[in-house]
Structure formats: structure tokens, C-alpha cells
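Where a number appears in this text, it was derived from the coordinates with a stated rule and is not lab data. Everything numeric in this text was worked out from a predicted model, so none of it was measured. All Cβ positions, even for glycine, are placed from backbone atoms using ideal geometry, and neighbour counts span all protein chains on display.
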Amino acid sequence: PMWILGPAGLKGEMIRVLQVLRVLRLVRLIRMFRLKKNLRMAHKLTQGLFASGVILFHTYCVMGAALYIFSVFAVYLIGRSPLFKVNAEVDGLVQEFFKTVPAAAFSLFQAMTLDSWTGLVRPLMEYSAPIWVFFTAVIMVTTLVLQNLITAVIVSHALGKLAQDEELMVQEKREEQKVELAVLHSLFDELATGESDLLSKEDFDNAVKNNKSLKNNLMNMDVNVAEASEVWDLLDAPPEGIAKETFANGMRAMKGEALAKDSFSIVQRVRRINARISRLNVRLVDYKKQIDKLRTDSTIVRNELGGLLHEVHQFLNFASGCVSAQGISRTKQQLEADMETTYR
């Protein structure tokens with residue numbers, strides 16, 4: 001910034017050059033590309049380029065070494081060859097492009113980039129036909145091998161960096177999930193023919209036979225039409241029908257191969273079910289003990305009640321002997337009068 005460069009005594013062209021460097025801040029925009037679907041490819045390329053910097057450096061070192069080796073050969077095979085001294089024009093061309101190692105290296109770099117290299121080679125081939133073998137070897141090694149190796153390194157690191165970008169993978173997975181759920185919701189609306197918001201088994205069975213969208217969806221799940229009833233059973237729908245969200249989540253869960261997390265989830269569910277069954281078994285044992293105790297108590301009560309009834313029966317038989325079979329001849333008023341006389 002100027003409040004630092006000005007007091008430091010930097011003026012004129014130097015300040016303008018340093019101000020241009022502020023454009024490098026635009027590189028930060030690349031980080032925003034990763035979460036934008038339309039700009040994600042640009043982020044992949046730049047990330048691959050930055051991630052492969054070290055390997056690219058070593059690749060360029062190998063390329064430079066190869067050019068140096070070929071340049072040494074070019075100086076001895078072309079620059080110092082007496083075959084080209086016959087023609088002064090050709091000899092001038094040779095001395096200009098192949099007299100020293102740096103000149104030969106730059107000429108071979110031109111051949112490596114395929115920049116009008118035939119205009120350099122054809123005049124030499126008139127005096128030394130095998131010269132094309134040398135230049136063909138240069139192009140095959142530097143252009144077809146090393147340059148393609150650089151491209152392969154960038155692409156490999158771009159894909160590797162993309163695979164390690166967990167946030168980007170989550171974003172893509174979320175977008176893919178939204179698309180799949182939207183398609184399944186649309187399919188549900190197409191299948192449900194009743195007035196309610198539920199899909200019945202009858203509607204599902206009819207759609208399996210007649211609906212092309214459902215058939216395509218089942219084919220993507222590697223499910224035959226004959227196995228469609230198993231899909232409905234796996235959805236675990238109640239008798240009245242299945243809701244839209246349950247249908248969409250269930251169909252999406254059955255799509256694709258079983259993953260490690262699916263197997264782990266099943267194992268965990270089975271473990272929880274076994275734990276619940278064990279707790280229920282303990283409770284059932286306790287209930288059985290209580291029932292056995294109640295059965296024993298009820299047997300005791302029944303026996304005691306039977307003995308009581310037997311005693312009541314005996315008492316009634318004994319009391320029946322105290323009651324006259326002929327009945328009572330006195331009236332109620334007479335009995336009350338006798339009772340008053342007795343109490344007096």
C-alpha cells in the first residue's frame with residue numbers, strides 16, 4: 001500500500017509495478033469456485049495445477065536434462081559435422097542454431113514445441129539423410145512422452161485433490177440427494193391415484209404393470225418386475241398405505257450396492273433388538289414368577305374358601321334342626337309383647 005511504499009522512498013515505475021501485483025489477490029476468487037456447480041471445473045483444474053507443483057518441477061528438471069543431453073549430441077552430430085560445410089548457406093544455418101550447447105538447446109526446444117521444426121530439419125536432410133532419426137527421437141521423448149506426462153500429472157493430482165475434498169464431496173452428495181428425492185416425489189405423485197396422501201399396495205401393484213417410470217426406477221435398482229412385491233414388503237408400509245417421504249427415502253435407500261455403513265447399521269440394529277429381547281425376557285421371567293405366586297395364592301384362597309363353604313353348609317344343617325318344620329303360630333304382635341315382658 002502507498003502509506004508504506006511512499007515513506008519508504010519508492011516512486012515512479014517501481015510503485016506502478018508493485019501496484020500491479022495487487023491483481024494477484026484475485027486468486028482468492030478461485031476458492032469460491034469450489035461451491036459453485038457451474039464453476040467447479042475451473043476449481044478442479046487450478047487445484048490440480050497447484051497440487052502438482054513439486055512433481056511438475058521435477059518433471060521440468062527431467063525435461064531440461066533430456067534437452068541438455070540431446071543438445072550435446074546435436075553439437076557433435078550437426079554443429080561440428082563436415083557434411084554441412086559444402087554449402088555456405090546450410091553451414092551458416094548450422095553454425096547459427098547448433099554451434100554451441102545453449103543454441104542447440106533452444107533449437108531443440110523449438111522442435112519440441114513443433115514450431116516450424118520441419119523448416120529447420122529439411123535443409124539438413126539434403127546433406128545428411130539420417131538426421132531425421134535424431135529429430136524424431138527428440139520429438140518422441142520430449143513432446144510425446146514428457147509433455148504428456150505433465151498433462152497426466154496435472155490430471156492425476158486434480159482428481160486426487162478432488163477425492164480428498166470432503167466438503168466438496170458432501171456438497172455434491174447433497175445435490176445428488178436432492179435430485180433423487182425430487183424424482184421420487186414426482187414418481188409418488190404419479191402413482192398415488194386415491195384422494196388421500198398415501199400410496200396403497202393396489203396402486204403400487206398396478207403401477208408395476210403399467211407405469212414406465214416405476215419400471216425404469218426398478219431396473220436402476222436391479223429389481224425385476226417379478227420381485228416388485230418384495231420391494232413393497234421392504235418398504236414396510238402399513239395397511240392403509242405409505243406416505244410420500246417414507247416412500248422416497250425407502251426407494252433411495254434400496255438403490256445401489258450395500259455399503260459398509262449399511263452393514264454396520266444393520267449389525268447395530270440387530271444388536272439393539274437383541275438387547276431389547278434380552279430385557280423383555282428378563283421381564284417375562286419376573287412376570288412368570290409373579291403369576292406362579294398368584295396361582296399359588298389363588299389355590300390357597302380357593303382351598304380356604306372351600307373349607308369355609310363346607311363349614312357354612314354344616315352350620316346350616318345344624319341350624320335347620322332348631323327350626324320347627326310346622327312353622328310359627330304366634331303373630332308378630334304377640335312376639336313383640338313377649339319380648340317386652342322378658343326385658344322388664
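General remarks:
- Ranked list, fewest to most other Cβ atoms within 10 Å of each Cβ, for LYS209, LYS215: LYS209, LYS215
- Least to most buried among LEU218, LEU108, LEU93 (fewest other Cβ within 10 Å first): LEU93, LEU218, LEU108
- Neighbour-count order for SER278, SER213, SER71, fewest beta carbons within 10 angstrom listed first: SER278, SER213, SER71
- Stokes-Einstein translational diffusion, the range 48-164 - Kirkwood Rh over all Cα pairs, 1.567 mPa s, 4 °C, in µm²/s: 84
- Note on the range 62-124: Kirkwood radius taken over Cα pairs, Stokes-Einstein applied at 25 °C and 0.890 mPa s, translational D equal to 211 µm² s⁻¹.
- Residue by residue, the range 202-215 carries 3J(HN,Hα) couplings of 5, 5, 5, 5, 5, 5, 4, 7, 10, 8, 6, 4, 5, 4 Hz when phi is fed to the Karplus relation 6.51 cos²θ - 1.76 cosθ + 1.60 (θ = phi - 60°); x denotes Gly or Pro.
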